[in-house]
Amino acid sequence: MRENTERRDLDSKDNDNESIQLPEEMWLHILSFMSLKELTNPVLLVNTQLRRLANELIWEILLKPFLNGEYQQFFRPEFGKSATLTIRAIMQHAATKADIETIKYAIEKKLIDVNAPLGREQQSLLYLAARHQKHELVKFLLDKQADPELPLAKLIKEEAQLRKTDQHQQLYERRLANQRATPECLYESSDFSYFNPGSSYRSHASMINSLLTALENRKQQLRGTQLTKEVVAQNRDDLLKRLFILDREIITRTDSSNHKLLYKAVSSRKGTVCAQFLLGNGAEIDAEVLLAAILKSNSSDLVQKILDHAGDNAVDLVKEVMPLIPTDSKMLSLLQPYTEGEKMSKKRKSPEVSERSDEAISSPGRSGIFALNSQVSNNPQNTKDPQSASVKLGRLG
């Protein structure tokens, strides 16, 4: 037992030696040549001493000489715990304040990427600047190649939420009360900062147009599907038409769930207008799309348009989805003619029915049909029968 304890102690000493115990002055000299990415490397952060020194170096050399007293007061206590998280917090604060110089410095020193998420909600510098109506900062970030797709999607969703909020006026009045009681530097960073005259819905619309124009000027295909999915989810066909002109492949592109845009549109109770636009521009229809429209859209008009666009495939699509539709669905009456059409189709494929149909077309009346059918059944080889011929002539006479 004692030998095992001594062996563990020796192993522990060996591990300590492997972490390279150098004087603090030597580490400061070495770390000064490292980038932020290297300073926050997991291998480096394993050692508590190195993590503290690395964070201290980033603060003393890169940030402290540049940041004003407000930044130093707010963020210095947290910097020793995590330089990366603190830099993100500094960038959030700078974006809401439109502090272009601080953001420019951080980007140029590669302390942060212009499109890096700044928190759990994946908020980027561009989104925060746009949300807080900082037009000059938005222009600066776009010039620095900030990607407007995700910020634009977030703004579209937020605007829709504001438009449907019944308590919008109460929130605005609460914001005014907070403004009277709270210093300027604090209330602007609160959740009510965008509830002010002319800057909630209207200003969001203006900023949405600005970011979409930036996308159009980029003249490139969209890099993801989140923007288009949010557009159809909010039934913004005005934006969808502009995105379609920019990138016609949005109709055929699939998302991470292997669904196309039409599926997202019909799955939303609000996406009917966008769904009709996609149908009119060649979006493919399959059983999954039809089923989603039946179960989720709550729009019989949309389901009927899908069936109309499906054309000859409508019967097969209905056949495929029927077992999955609840018996109390209001769409059953809409689908019933297509199930009957399937039965008629089967009858048309039957040889006997086909033969009778041909005879019916060639016969002038109902009695003629029965006469010909009787003749065919009694004389399958189509041989002449003098007796039957004389009977027919007698009847005619």
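The values are calculated or read from the model by the stated rules, or taken from the named source; none is laboratory data. A quick note: this is a predicted structure, and the numbers were derived from the prediction, not measured. With ideal geometry, Cβ positions are generated from the backbone for all residues, glycine too; neighbour counts draw on all protein chains shown.
Structure summary
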| quantity | calculated |
| --- | --- |
| Test: ASP238 is under 21 Å from ILE156 (Cα atoms), assigned to a helix (DSSP H, G or I) and free of Cβ contacts under 8 Å to residues at least 12 places away in the same chain | yes |
| Meets criteria (in contact with a Pro (Cβ under 8 Å, 6 or more places away or on another chain) and crowded, with 18+ Cβ neighbours inside 10 Å) for GLN123 | yes |
| Residue in region 291-301 that is assigned by TED's automatic domain parsing to the domain that holds MET322 and either under 20 Å from LEU239 (Cα atoms) or acidic (Asp, Glu) (or both) present | yes |
| Residue list for region 267-313, filter: assigned to a helix (DSSP H, G or I) and of a type in the set (Asp, Glu) | GLU288, ASP301, ASP308, ASP312 |
| Complete set of residues in region 98-120 that are of a type outside the set (A, V, I, L, M), surrounded by fewer than 18 Cβ atoms within 10 Å (Cβ to Cβ) and farther than 21 Å from GLN226 by Cα | GLU101, LYS104, TYR105, GLU108, LYS109, LYS110 |
| Members of region 323-336 that are within 20 Å of ASP301 (Cβ to Cβ) and in a helix (DSSP H, G or I) | LEU332, SER333, LEU334, LEU335, GLN336 |
| Cβ pairs under 7 Å, 6+ apart, first in region 211-230 and in contact (Cβ under 8 Å) with a residue 24 or more places away in the chain, second of a type in the set (Val, Ile, Thr) | LEU222/THR228; LEU222/ILE250; THR228/ILE250; GLU230/ILE156 |
